[in-house]
Each structure stands twice: as C-alpha cells, then as structure tokens.
Amino acid sequence: MGKTKYMMSAGLAFSEAGDMKKLRREALRGWHLKRFRCAGYELEKGESEDVIYSIDYRLLEPNEQDEYFGMFEIAGWTHVCTEYNMHIFKADRGTVPIYSDSESARDKIRRLAIPVRTVTLYVVGLMVLSGLLMKFTSGVIQSVSIFTFYVALIIAGPAVMTYAATFYHRWKKRMN
Amino acid sequence: MKSFEPLTDSMFYIMASLTEPRHGYAVMSLVEETTEGAFVIGPASLYTIIKKLLKEQLIVLQDESDSRRKVYTLTDIGRQTLEADIVRRKVMIEMAEKGLKRGSV
C-alpha cells in the first residue's frame with residue numbers, strides 16, 4: 001500500500017464545491033482520493049493528475065448499480081469511491097458535467113437532504129422526549145433523561161444547521 | 001393533469017429518443033449526434049430524468065436482460081405528453097418566426 005493522508009471535509013451540505021476543488025488541487029500535487037473516511041477523505045500518493053471531481057447522491061439498489069455506473073463511465077467519468085448514498089467520480093478537465101440541467105441538479109440536493117432529515121427528526125424528537133421526562137420525573141429516570149437531553153442537544157445543533165443548509169441550496173438553485 | 005406540464009429541454013430530447021426502444025447510452029449519443037454536440041446530457045441528469053419518467057409512467061422498462069444497458073420506450077401517456085409539448089413548442093417558434101419576418105420588412 002502506498003503512502004496515505006487524511007483530508008477533512010468542510011461538510012458536503014455546506015461546501016460541496018469547495019471539497020471537490022480541494023480534491024482537484026490535491027490530485028495536481030499527486031494526492032489521489034481513495035475512499036471516504038470519517039467525516040473526510042483518504043488520499044493516496046501517486047503521480048500528479050489534472051482531473052476534476054464530482055459527487056452525486058443516490059441510494060442504489062443492487063440491480064441499479066451496473067446501469068448507473070455504466071452511464072458515468074461512457075460519459076468519461078471514472079467511479080472513485082462510494083459510501084452509503086454518496087458516489088464520487090473523476091474525469092479529465094472539460095468533460096461534460098454530471099448534471100447538465102438545473103432541474104435535475106435540484107433533485108440531487110433533495111436526495112442529499114433525505115438522510116439528513118431523518119437524523120434531524122430523530123435527534124430533535126429525542127430532545128423533546130427527554131426534555132419532557134426531565135421535567136416530569138425524578139430519581140434515576142430524571143438523571144438519565146437529563147444526560148440524554150444534553151447529548152441530543154449537542155447533536156441537534158449541527159443536524160438542524162445541516163438540514164437548513166440543504167434548504168438554502170435548494171432556494172439558491174431556484175433563484176438562478 | 002400532471003403529465004401535461006411543459007417538458008424541460010433534457011426531458012424532451014430523452015423522450016424524443018425513446019420513441020423507439022433505446023438504452024441510456026444510445027439516448028446520450030443520439031442527442032449529441034443530432035444536435036452536433038450543441039446539447040449534451042450529463043450522466044447524472046440522464047439517470048435522474050429516466051427515473052423520473054419511469055415514475056410518472058411516461059416511459060417503461062422494456063428489456064433488462066443486460067443490466068448495464070436497460071432498454072426503455074415511451075408509453076401511450078408518454079407519446080401523448082410528447083405530442084402536447086411539440087404543439088406548445090411550435091406555438092413559441094411560429095410566434096418568433098412571424099415576429100422576425102414582420103420586423104425585417
């Protein structure tokens with residue numbers, strides 16, 4: 001195995017284009033995306049490469065994968081890595097963008113938002129529930145719910161912000 | 001009715017290609033050839049639109065024996081929708097053509 005290093009993501013819901021540009025700059029310096037790793041990416045040392053990166057979000061059934069990845073390949077986009085519903089591709093500069101119209105690009109953000117929404121709803125629900133338990137119980141149950149409430153509160157902050165960001169991007173796309 | 005909403009240019013080209021059974025790659029290359037590269041459909045857009053047309057029952061999966069090259073074709077509703085959109089687009093073009101003719105006199 002070659003030399004690897006870690007690159008942190010700025011958060012795909014916030015700065016997807018920023019992440020993709022950064023991956024390109026790293027590839028020019030010879031560091032190539034290998035896979036997703038813990039809120040970021042693992043890069044591997046190799047030759048310098050003049051490529052662009054793009055990400056798509058789509059939860060694929062096993063019988064959909066061949067056709068989906070095949071279409072990208074024909075269009076000149078090489079599949080690099082996949083994690084759950086996120087797929088990153090690379091291509092030579094000047095290749096047709098993976099999204100060529102704004103309508104289907106808007107659908108992409110909606111798909112990105114689906115898992116974010118699920119997490120946000122659960123965490124906010126847990127917060128409300130433990131908040132209520134905290135108020136109306138005593139003893140051990142109260143201690144547990146106080147603890148749960150604060151843990152949920154810590155996760156809820158970024159979750160709500162991320163979910164809000166997907167709305168902001170959709171609204172921005174609709175404006176142009 | 002929902003299916004008679006105006007089609008986007010990409011949807012229009014894809015549906016026009018699927019008047020005969022074709023797979024995704026064939027749609028991509030037919031559009032590129034016909035328009036001499038002036039209109040290209042990116043792979044993610046193509047996949048998204050095919051899924052959307054399937055969901056709205058404007059196209060149907062005809063042959064999935066080759067998992068990389070699934071073949072689709074227009075349904076009856078798809079044909080009607082495409083015809084309705086041709087009429088809509090003709091009105092636009094006629095108006096512009098007549099206007100230009102009058103303007104050049």
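The values are calculated or read from the model by the stated rules, or taken from the named source; none is laboratory data. The shown structure was predicted, so the numbers you read here are calculated from the model rather than taken from an experiment. Note that we place each Cβ from the backbone using ideal geometry, even for glycine, and neighbour counts take in every protein chain shown. What goes into the accessible areas is simple: the full protein's heavy atoms, side chains included, and nothing from ligands, DNA or RNA. Shrake-Rupley method; radii C 1.70, N 1.55, O 1.52, S 1.80 Å.
Residues of the stretch A:132-162 being open to solvent by less than 50 Å² (accessible area, probe 1.4 Å) and under 30 Å from A:ARG110 (Cβ atoms), which ones?
Matches in the stretch A:132-162: A:ALA152, A:ALA156, A:GLY157, A:ALA159, A:THR162.
Taking the stated definitions as given, is A:GLY125 more than 14 Å from every other protein chain (Cβ to nearest Cβ) and without any contact (Cβ under 8 Å) to a residue 40 or more places away in the chain?
yes
More than 11 Å from chain A (Cβ to nearest Cβ) and more than 19 Å from B:SER17 (Cβ to Cβ), is that true of B:GLU97?
yes
Answer yes or no: is there a residue in the stretch A:42-54 that is surrounded by fewer than 20 Cβ atoms within 10 Å (Cβ to Cβ), more than 14 Å from chain B (Cβ to nearest Cβ), small (Gly, Ala, Ser) and free of Cβ contacts under 8 Å to residues at least 60 places away in the same chain.
The answer is yes, given that some residue of the stretch A:42-54 is surrounded by fewer than 20 Cβ atoms within 10 Å (Cβ to Cβ), more than 14 Å from chain B (Cβ to nearest Cβ), small (Gly, Ala, Ser) and free of Cβ contacts under 8 Å to residues at least 60 places away in the same chain.
Give me the residue from the stretch A:88-104 that is touching a helix residue (DSSP H, G or I) at 6+ places or on another chain (Cβ under 8 Å) and of a type outside the set (A, V, I, L, M, F, W, C) and, out of that set, farthest from the other protein chains (Cβ to nearest Cβ).
My answer is A:LYS90.
Which is within 30 Å of B:GLU32 (Cα to Cα) and within 13 Å of the chain's Cα centre (by Cα), of A:ILE88, A:ILE52?
A:ILE88
So, in the stretch B:60-88, exactly how many residues are touching a residue at least 40 places away in the same chain (Cβ under 8 Å), farther than 30 Å from A:PRO62 by Cβ and open to solvent by less than 70 Å² (accessible area, probe 1.4 Å)?
Adding up the residues that qualify gives 4.
Going residue by residue through the stretch B:49-66, is there one that turns out to be closer than 29 Å to A:SER54 by Cα, polar (S, T, N, Q) and within 14 Å of chain A (Cβ to nearest Cβ)?
Scanning the stretch B:49-66, I find no residue that is closer than 29 Å to A:SER54 by Cα, polar (S, T, N, Q) and within 14 Å of chain A (Cβ to nearest Cβ), so the answer is no.
Across the stretch B:1-59, which residue is most open to solvent (accessible area, probe 1.4 Å) among those that are closer than 20 Å to A:SER102 by Cα, hydrophobic (A, V, I, L, M, F, W, C) and outside any helix (DSSP H, G or I)?
B:ALA38
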